[in-house]
Amino acid sequence: MVDYTPYEMIAYTGSRLLEDKKTVFVGTGLPMIATLHAQRTLAPNIILLFEAGSLAPILELGLPISVGDTRAGIKSCIIKGLCMAFELSQRGFIDYGFIGGAEIDHYGNVNATMIGEDYSHPIVRFPGSGGAGHMAVNCDRVIITMPLERRRFRKKIHFVTNIGYGDGSLSYRRHAGVLGSGPWMVVTDRAVFGFDEATKKMTLLEVAPGYTVNDVLERMEFKPMIPNEGVKTMPEPTAEDIKILREIDLEGLFLKRKIVK
Amino acid sequence: MGIPFIPVRDHVGSSMQYVNRGVPIKCPFTSETVYLLPACHPDVGILHAQMADAYGNCRIFGQLCTCPEIALAANYDIMTCERIIPNESVRKYPNLTEIPWFAVDAVVEQPWGAYPVSCWGFYWYDVEHLRMWVNAGNEFRKTGKIDPLEEYFNKYIFECESFDNFMSKIPYKRLRKLVELDGHQPIIT
């Protein structure tokens, strides 16, 4: 039995969703760790794009501190600036967008900006949106990572930073002038969600070993759809996967954080 | 870019649309929704690049982020650089110039100018120093105790006559380590 933290489960699960030789637009934190893990295991030729302007870097010096630092750029095929990175995604070259967030609702709309009612006087102000808003509308499939907590999975989020399927109406994304197909998966420490084709609502797909569907539902304010054929069990990371993850995040800045009950 | 706005694919349908100055419109050519981002005109831009010549032609290695855009949009630009290079070097490889001299009003040769953050080809982040700064700020934010923050400001800013004076307070061994951690990324002088 391998011992792992909740955030290590999120990073591992995010990593196994990425396909080799595809392009992924990566945000800071967990998405970076997950993509680095994928590059070292099942997807060695995965192509990263960072919003600061580096395309296809090989992250051999370790985990970058920010999307714009030296480690996020070495051995790239091309380095220019933000405008080039955003041109590539606006032209439709990017397969996956990999973002985090503070809150998410039934239709995959994400809040990375604030908690509160008044934008000029928030109760809490997060560092969002950064490049995430752009990623959410232009990358083909968006993977969202966050821990499964009731305060995050809400019926109504405080602020829509990155649009998912909006209000669920079929033409919402088209009216918004959006290119990508939308939220694809939501990866948490004890559940993985997809989105229903017809209704665009979040659907429970996998549950972590040792937990039941009810354990998942009590950590959400809204009830996700449950497929008729039932849910699968999330694969667990192996000892080798944990070793790689802990080598990537040597100080445990991201992977050792605790989940709020 | 010298124009009042650019159209982008972003923001429409989110709350961002209501807290920003941009305007969504129907594109006159494709009839699709597009978001117009208004230009901004900062009064002053302050940027650090790897190299510049005395006129202000700047060479940036590593990610450009939005440096060329800031330099050209701002009314007055101060460029600091690790090293000033001769104009002949600039003219030898004109493609490597990312900011033309029109945009720049003052050039300062200041090695370690980006410290404590990284500068491609020169040095990596001083994580220890950044952590000290963040902890001092967090202590003030969470407990109201201002002493660590005041101590930081006094020691590293107010009591320093110059940036060189500030850098002399960082142990030499640490600086050697930061140079090594950069991995000696290739640059062209």
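The values are calculated or read from the model by the stated rules, or taken from the named source; none is laboratory data. The shown structure was predicted, so the numbers you read here are calculated from the model rather than taken from an experiment. Here the Cβ positions follow ideal geometry from the backbone for every residue, glycine too, while neighbour counts run over all protein chains shown. Heads up: the accessible areas ignore ligands, DNA and RNA and are worked out on the full protein's heavy atoms, side chains in. Shrake-Rupley method; radii C 1.70, N 1.55, O 1.52, S 1.80 Å.
Taken along the Cα-to-beta-carbon direction at a fixed 7 Å, the label points for A:Val213 and A:Leu42 span 2.5 nm. For B:Thr80, A:Thr28, the ranking by accessible surface with the largest value first comes to A:Thr28, B:Thr80, using a 1.4 Å probe. Taking the longest Cα principal axis of chain B as reference, the axis of helix B:172-181 is set at about 40 degrees.
Determine the percent antiparallel among the DSSP beta bridges restricted to chain A, to the nearest 5. Antiparallel: roughly 45 percent of the beta bridges in chain A. The slack in the chain from B:Tyr55 to B:Met132, taken as 0.36 nm per residue of separation less the alpha-carbon distance, amounts to 24.0 nm. Mean residue ellipticity at 222 nm, helices only, chain B: -8000 deg cm²/dmol; runs of at least 4 DSSP H residues each add -39,500 (n - 2.57), and the sum is divided by the number of residues. For the set B:Met1, A:Met84, the ranking by accessible area, highest first and with no ligand, DNA or RNA atoms included, is B:Met1, A:Met84 under a 1.4 Å probe.
Report, in whole Å, the centroid distance computed from the Cα atoms of the stretch A:55-128 and the stretch B:1-59. That distance is 17 Å.
In this simple spin-label model, placing a label point 7 Å from the Cα along the Cα-to-Cβ direction at both B:Val179 and B:Glu109 gives a separation of 1.7 nm. With r as the distance between the Cβ atoms of B:Glu32 and B:Met167 and R0 = 60 Å, compute the FRET efficiency 1/(1 + (r/R0)^6) and round to 0.05. The formula returns an efficiency of 0.70 here.
Taking trypsin sites (Lys or Arg not before Pro) across the stretch B:1-80, the ones in a DSSP loop with at most 12 further Cβ atoms lying within 10 angstrom of their Cβ are B:Arg21.
With the simple spin-label model, which puts each label point 7 Å out from Cα in the Cβ direction, the B:Lys155 to A:Ile58 separation comes to 4.1 nm. Estimated from the Cβ-Cβ distance and a Förster radius of 60 angstrom, the FRET efficiency linking B:Thr189 and A:Glu19 is about 0.90.
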